[in-house]
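*Asks:* Handing you this structure, nothing more for now.
The values are calculated or read from the model by the stated rules, or taken from the named source; none is laboratory data. Nothing here was measured: the structure is a model prediction, and the numbers come from that model. Here Cβ is always computed from backbone atoms with ideal geometry, including for glycine, and neighbour counts include all displayed protein chains.
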Amino acid sequence: VAIAVTRERREGETRAALTPETAKKLIGLGATVIVESGTGLGSSIPDADYAAAGATVAKDLKTALAGADVLLKVRAPTAPEILALKPGAVVIGLLDPHREKDALKALTEAGASAYAMEFVPRITRAQAMDALSSQANLAGYRAVIEAAAAYGRGFPMMMTAAGTVAAAKAFIMGAGVAGLQAIATARRLGAVVTATDVRPAAKEQVESLGAKFIAVEDEEFKAAETAGGYAKQMSAEYQAKQVELTAAHILKQDVVITTALIPGRPAPRLLTAAHVASMKPGSVIVDLAVEAGGNVEGSKPGEVVTTPNGVQIVGWSNLPGRIAADATALYARNLHAFLGLMLRDGALAPDPDDEILKSALIAQGGQVVNEGLTG
Ligand code: NAD
């Protein structure tokens, strides 16, 4: 099987779908690997390192894709990449099919078999393939680093000859994979950390990291987790109670990191303009959900907005891309593990009944096939 990896073409995408380590492993599984020149640059991987691992470096995407059975991507491929695909080729990536509708259409029309890594189910067997988690973890870390850099004060309490510097108060909203890493990172930097979520299971996890849990813990809260472990969309009544609770807490916070997402839906609004206006000058908010519509009223993708009352709202898109070398390393391993399900003796042989492959498959034979997209 010939596996190709092309340079990411989406604006600001610094990650890559291959590392020299995974190139070597894929070759070990009997594949040939061809990588477009420049693929690793955003992650500090020169072409020569791929070549040293046994991959062929192609000068452009057409050369890379000419004989490729499989195309590995970080983000959904662009039109020129899709046009250069061999009929029936397999495309695997964070294809974001709910939002990347044009790419999904083009992939379907090209007759490609497309697998969206976001749809890998969160079962034990699939943990090594869980790209959402590998990337969210790094995003949670990076969000705190961004907040610390933007904040004009320190995080830890410091007792100096010139007096004491108070510890920063950090509030993490949404305690999934990203939020839990944000809690851990903020704690390591010395902040006093509180956190909230709508899933009851999050409470124990937050507390085990040494942060205080704050939430509206009513009957709806007790039933807010789906069988898949995700949050449900909460009722208007619940959200109103949440807004009120947040209003009292937010006044005292210096740093707020929001990470709340609901799969396939716009991100829930957790901070209103009134919340933001009530915060102290110099406070920093980082909205990790900015690309999904934002948890914070007034956040803008790719921008740092400074409000009239002197609060910065950091809306960097693609936080994992700001820690690209690690994000690439982990994502490439997720892909290698996923490909392990498809390769038998160096040939492409996906088992159509495999639960993981079935969940991730979004297009095949000219059709959109995933229930989450068609139903
Ligand atoms: P996510 O990215 O979908 O959402 C982030 C967090 O936002 C979640 O914790 C969610 O509950 C929370 N949220 C949603 N609406 C909210 C609201 N209105 N207010 C406050 N918070 C809100 O979630 P995720 O990080 O992908 O993780 C979801 C769950 O899946 C977690 O329990 C995680 O531990 C679990 N998980 C399991 C596995 C596995 O078993 N293999 C792997 C990864 C994650």
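*Asks:* Quick one: Ala147 ticks every box in (1) surrounded by 24 or more Cβ atoms within 10 Å (Cβ to Cβ); (2) within 16 Å of the ligand (Cβ to nearest atom); (3) of a type outside the set (D, E, K, R) bar one, so which box is it?
*Replies:* Ala147 satisfies every listed condition except (2).
*Asks:* Quick check: is even one residue across region 282-291 more than 14 Å from Gly174 (Cα to Cα), at pLDDT 95 or above, among the polar types (S, T, N, Q) and more than 16 Å from the ligand (Cβ to nearest atom)? Full working, then the answer.
*Replies:* As a first pass, look at region 282-291 and keep what is more than 14 Å from Gly174 (Cα to Cα): 282-284, 291.
After this cut, where a residue has to be at pLDDT 95 or above as well, the list is 282-284.
Pick out the ones that are also among the polar types (S, T, N, Q) and you get 283.
Subsequent filtering for residues that are more than 16 Å from the ligand (Cβ to nearest atom) retains 283.
Yes; the residues of region 282-291 include at least one that is more than 14 Å from Gly174 (Cα to Cα), at pLDDT 95 or above, among the polar types (S, T, N, Q) and more than 16 Å from the ligand (Cβ to nearest atom).
*Asks:* Sort out which residues of region 1-56 are in contact with a helix residue (DSSP H, G or I) (Cβ under 8 Å, 6 or more places away or on another chain) and at pLDDT below 95, and write them in order of number.
*Replies:* Gly12, Leu29
*Asks:* Could I ask something else about it? Regarding region 212-231, can at least one residue be identified that is free of Cβ contacts under 8 Å to residues at least 24 places away in the same chain, surrounded by fewer than 16 Cβ atoms within 10 Å (Cβ to Cβ) and among the hydrophobic types (A, V, I, L, M, F, W, C)?
*Replies:* Yes - at least one qualifying residue is present in region 212-231.
*Asks:* Given the options Leu335, Leu339, Leu319, Leu343, name the one that is aliphatic (A, V, I, L, M) and surrounded by fewer than 20 Cβ atoms within 10 Å (Cβ to Cβ).
*Replies:* Values: Leu335 fails: surrounded by fewer than 20 Cβ atoms within 10 Å (Cβ to Cβ); Leu339 fails: surrounded by fewer than 20 Cβ atoms within 10 Å (Cβ to Cβ); Leu319 fails: surrounded by fewer than 20 Cβ atoms within 10 Å (Cβ to Cβ).
The match here is Leu343.
*Asks:* So which of Ala106, Ala2, Ala17, Ala55 is touching a strand residue (DSSP E or B) at 6+ places or on another chain (Cβ under 9 Å), over 25 Å from Asp326 (Cα atoms) and either among the hydroxyl-bearing types (Ser, Thr, Tyr) or surrounded by 16 or more Cβ atoms within 10 Å (Cβ to Cβ) (or both)?
*Replies:* That would be Ala2, the only listed residue that is touching a strand residue (DSSP E or B) at 6+ places or on another chain (Cβ under 9 Å), over 25 Å from Asp326 (Cα atoms) and either among the hydroxyl-bearing types (Ser, Thr, Tyr) or surrounded by 16 or more Cβ atoms within 10 Å (Cβ to Cβ) (or both).
*Asks:* Quick test for you: out of Ala332, Ala277, pick the one residue that is modelled with pLDDT of 95 or more, in a helix (DSSP H, G or I) and under 30 Å from Glu217 (Cβ atoms).
*Replies:* On the way: Ala332 fails: under 30 Å from Glu217 (Cβ atoms).
Selected residue: Ala277, the only one of Ala332, Ala277 that is modelled with pLDDT of 95 or more, in a helix (DSSP H, G or I) and under 30 Å from Glu217 (Cβ atoms).
*Asks:* With crowded, with 24+ Cβ neighbours inside 10 Å and farther than 30 Å from Asn370 by Cα as the only criterion, which of Val311, Val256, Val276, Val305 stands out? First the steps, then the outcome.
*Replies:* Details: Val311 fails: crowded, with 24+ Cβ neighbours inside 10 Å; Val276 fails: crowded, with 24+ Cβ neighbours inside 10 Å; Val305 fails: crowded, with 24+ Cβ neighbours inside 10 Å.
Matching residue, one of Val311, Val256, Val276, Val305: Val256.
*Asks:* Sticking with this structure for a sec: Quick check: is even one residue across region 316-333 over 21 Å from the mean Cα position of the chain (by Cα) and within 22 Å of Arg15 (Cβ to Cβ)? Break it down stepwise before answering.
*Replies:* Step one: list which residues in region 316-333 are over 21 Å from the mean Cα position of the chain (by Cα), which gives none.
Within region 316-333 (the criterion being over 21 Å from the mean Cα position of the chain (by Cα) and within 22 Å of Arg15 (Cβ to Cβ)), the answer is no, since none of the residues qualifies.
*Asks:* Sticking with this one: Among what's in region 124-146 and is among the aliphatic types (A, V, I, L, M) and under 10 Å from the mean Cα position of the chain (by Cα), pick the residue that is farthest from Leu339 (Cα to Cα).
*Replies:* Filtering first and then ranking leaves Ala139.
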